[in-house]
Amino acid sequence: KQPNIDEIIHRSKEKKIEIIIMLDQVTDPQNIGSIMRSCALFNCNSIIVAKDNAPDITSSMTKAASGALEVVNYIKVTNLSRTIEKFKKNNFWVLGFDTNTKNPNKNIQIPKKCLLIFGSENKGLRHLTKNGCDQIVKIPFNINNKFGIESLNVANACTIGLYEHFKNN
């Protein structure tokens, strides 16, 4: 049985270091499975998604997760914005990762207690989700104009965020 958001927040009150991932309209089960695998390796116990815009656990997600489903919670919530507010009220810093942002902070400083939010590869973070963030960051990289490669895969971006938190905590 998956815990609910209130249980996750209650458990985090005793912890000085906690990282949680939120996915905003990420729909590819294989990407989510890969993100779960990275979570398992970088001390993240929970992924939060919206009930209406995220897949159920599938065989392709399970395969991509490579066992991480056993240790990473996959929690569906009705409203991401309200969930963000709950985390903020409980001393979490909220970072949104978005390649579409106009004035990104490329110096990624990830606090000890944080909620990292990643959007779909095509659309990025939705407006309401972005508004709930304490900070919007962009992972610096070189765009490959020759072949039209303009962004990271969401699972790769998430892994970079998890690693940045892991190496400093």
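The values are calculated or read from the model by the stated rules, or taken from the named source; none is laboratory data. Quick caveat: nothing in here was measured; it's all calculated off a predicted structure. Heads up, the Cβs are rebuilt from the backbone with ideal geometry, glycines too, and the neighbour counts pull from every protein chain shown. We work out accessible area using only protein heavy atoms, side chains counted, and drop any ligands, DNA or RNA first. Shrake-Rupley method; radii C 1.70, N 1.55, O 1.52, S 1.80 Å.
Quick look at the numbers
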| read-out | value |
| --- | --- |
| Whole-Hz couplings from phi, Karplus 6.51/-1.76/1.60, listed for region 49-54; x for Gly and Pro | 9, 7, 3, 7, 10, 8 |
| Which label in (i) 139; (ii) 129; (iii) 113 gives the computed volume of the Cα convex hull per residue in Å³ | (iii) |
| Portion, in percent, of the accessible area of the chain that falls on carbon or sulfur, probe 1.4 Å | 47 |
| Per residue accessible area in Å² of region 51-136, where ligands, DNA and RNA are left out and the probe is 1.4 Å | 55 |
| Percent of beta bridges antiparallel (DSSP, the chain, rounded to nearest 5) | 10 |
| At R0 = 30 Å, FRET efficiency that the Cβ-Cβ distance of N107 and Q30 yields, to 0.05 | 0.45 |
| Nearest-20 debye value, the chain charge dipole, Cβ charges on Lys, Arg, Asp, Glu | 380 |
| Trypsin sites (Lys or Arg not before Pro) lying in DSSP loop within region 1-93, provided at most 16 other Cβ fall within 10 Å | K1, K13, K15, K16 |
| Zone residues, region 76-117, relative to H127, backbone N less than 18 Å from point 7 Å out along Cα-to-Cβ | 80-82, 100-103 |
| Cα-projected label distance for D52 with S151, points at 7 Å along beta-carbon direction, nm | 2.1 |
| Disulfide-incompatible cysteines by the Cβ rule (no partner under 4.7 Å) in the chain | C114, C133, C158 |
| Other-chain or far-sequence residues with amide H under 5 Å of I117's (modelled H) | M22, L95, G96, F97 |
| Mean separation of Cα contacts under 8 Å, 6 or more apart, over the residue count of region 45-151: relative contact order % | 26 |
